[in-house]
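Participant: Have a look at this one.
The values are calculated or read from the model by the stated rules, or taken from the named source; none is laboratory data. All values derive from a computational prediction rather than experimental measurement. All Cβ positions, even for glycine, are placed from backbone atoms using ideal geometry, and neighbour counts span all protein chains on display.
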Amino acid sequence: MIPGIFLLVLIASTAVLASPLQRAKPFVEVPQKIVKLIEFSTPSSPQVIEFVPNPYNFGYEFGDGQGMKQHRSESADDQGVVKGTYGYIDPLGVYRSVEYIADSQGYRAVIKTNEPGAAARTLLMGIIL
């Protein structure tokens with residue numbers, strides 16, 4: 001009996017596999033279009049944008065009345081040299097101050113702090129571009 005059932009299942013599966021497959025049609029026909037979204041072109045000659053320094057000067061200082069204070073000041077001269085400082089003092093008296101300059105030699109900063117774990121000296125950080 002079992003070989004007969006096996007033979008019947010084998011014949012039925014062969015008939016199913018031999019029938020051609022039909023694919024389901026999509027619900028919506030979507031036209032296939034290729035759309036060029038962005039076009040890049042190479043200029044025939046490079047454009048040179050000339051930097052004209054514009055001197056400025058600004059600054060601010062504020063606090064929350066609970067011991068936190070922040071400050072910032074910055075100035076630029078007619079040669080494009082930018083100098084400034086910014087920093088804060090938290091309510092526990094921990095301060096951090098950064099003095100920086102950006103000129104033809106790059107960006108350089110000096111960090112002054114009394115934060116725990118920081119060396120008792122001025123930290124110097126310089127990035128030359």
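Participant: Could you give every pair whose Cβ atoms fall below 8 Å, whose first residue belongs to segment 100-120 and is farther than 25 Å from Asp77 by Cα, and whose second residue is among the aromatic types (Phe, Trp, Tyr), counting only separations of at least 6 or pairs across chains?
Facilitator: Pairs that qualify, where the first residue is farther than 25 Å from Asp77 by Cα and the partner is among the aromatic types (Phe, Trp, Tyr), are Thr113/Tyr95; Asn114/Tyr95.
Participant: Right, here's the next one. Checking Lys36 against (1) closer than 30 Å to Pro91 by Cβ; (2) modelled with pLDDT under 80, which single condition isn't satisfied?
Facilitator: (1)
Participant: Also, I was wondering about something else. Any idea which of (1) at pLDDT 90 or above; (2) surrounded by fewer than 10 Cβ atoms within 10 Å (Cβ to Cβ); (3) β-branched (Val, Ile, Thr) is the one Val98 doesn't satisfy?
Facilitator: (2)
Participant: Starting from residues that are assigned to a loop (DSSP other than H, G, I, E, B) and not polar (S, T, N, Q), keep the ones in segment 90-106 and report whichever is farthest from Glu61 (Cα to Cα). Give the steps one after another, and end with the answer.
Facilitator: Here is the first cut: in segment 90-106, the residues assigned to a loop (DSSP other than H, G, I, E, B) are 90-94, 104-105.
Restricting the remaining residues to those that are not polar (S, T, N, Q) gives 90-94.
Numbers: Asp90: 14, Pro91: 15, Leu92: 18, Gly93: 16, Val94: 17 Å.
Checked segment 90-106; the qualifying residue farthest from Glu61 (Cα to Cα) is Leu92.
Participant: Right, something else. For segment 41-89, give me the residue count where each residue is acidic (Asp, Glu) and in a strand (DSSP E or B).
Facilitator: Going through segment 41-89 one residue at a time, the tally reaches 2.
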